[in-house]
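Asker: Sharing a structure below in structure tokens format, with a few things to ask.
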Amino acid sequence: MNRTQRKVRSFLFVILAAVLILFAGNLLLRRTETPQHQGPDWAQVTLPGFSRILAGTLNQPVRLWFPGPNRELAPEDRTIHASDDSVDGMRQVLILLLAGPWTKGLFPLLPGEVALRELYDHQGIVLVDLAVPPAGGPAMGCFEEALALQSIQRTLKENFPEVQHIRFLLDGQERKTLAGHIALP
């Protein structure tokens, strides 16, 4: 083997080694990346009386109930910022619930234009005030409306045992129904 062939072979060996190192480094980086969840931007979640949630402080497990593929509620486990104030925790849970599920196959509770205005608790009676579209309520059928109400009730009662009864306001006003089908409790 002459001198030129050895140089070419050495050059190819160096190139091959560099490619292998880059490939191995890329694999290592992919394994250490944290999966990105879709959901609310925690630094932006605020309401009156609602503590700012910061990255790294999520540490109270909660179970949210969303409509599933079999037309019944299915659980999704999440975490919220731990708080001594149960109303603060209830607000966080409802914001996550209204933001929708992360699990494939589960469905959003209400249309995206519905939001939590405020939540109050007086001796186990929780008042949930929802902001709704100008038309007077979300566009949904009777079955979806029933599932949405059941989802809110089950989620709050399961995560906060002190909740005895839940009442609803729409845009600060008492209404008979959420979307025109099921009487509000």
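Asker: If you go through the stretch 65-93, how many residues are in contact (Cβ under 8 Å) with a residue 40 or more places away in the chain and surrounded by 13 or more Cβ atoms within 10 Å (Cβ to Cβ)?
Answerer: So the answer is 10.
Asker: Looking at the stretch 102-135, which of the residues that are modelled with pLDDT of 85 or more and charged (D, E, K, R) is nearest to Asp85 (Cα to Cα)?
Answerer: Asp121
Asker: Restricting attention to the stretch 101-131, report how many residues are of a type in the set (A, V, I, L, M), exposed (fewer than 14 other Cβ atoms within 10 Å of the Cβ) and in a loop (DSSP other than H, G, I, E, B).
Answerer: Number satisfying all stated conditions: 0.
Asker: Going residue by residue through the stretch 28-51, is there one that turns out to be of a type in the set (Ser, Thr, Tyr) and at pLDDT 50 or above? Reasoning before the result, please.
Answerer: Taking the stretch 28-51 first, the residues of a type in the set (Ser, Thr, Tyr) are 32, 34, 46, 51.
In the following step, the residues that additionally are at pLDDT 50 or above were identified as none.
Looking for residues that are of a type in the set (Ser, Thr, Tyr) and at pLDDT 50 or above, one finds none in the stretch 28-51, hence no.
Asker: Identify all residues within the stretch 136-162 that are part of a loop (DSSP other than H, G, I, E, B), at pLDDT 80 or above and out of contact with any Gly (no Cβ under 6 Å at 6 or more places or on another chain); write none if there are none. Give the steps one after another, and end with the answer.
Answerer: Quick first cut of the stretch 136-162, residues part of a loop (DSSP other than H, G, I, E, B) only: 136-141, 160-162.
Narrowing further to those that are at pLDDT 80 or above: 160-162.
Residues satisfying the conditions are Phe160, Pro161.
The values are calculated or read from the model by the stated rules, or taken from the named source; none is laboratory data. The structure presented is a predicted model; accordingly, all values stated were derived computationally and were not measured. So basically every Cβ, Gly included, is an ideal-geometry build from the backbone, and we count neighbours across all protein chains shown.
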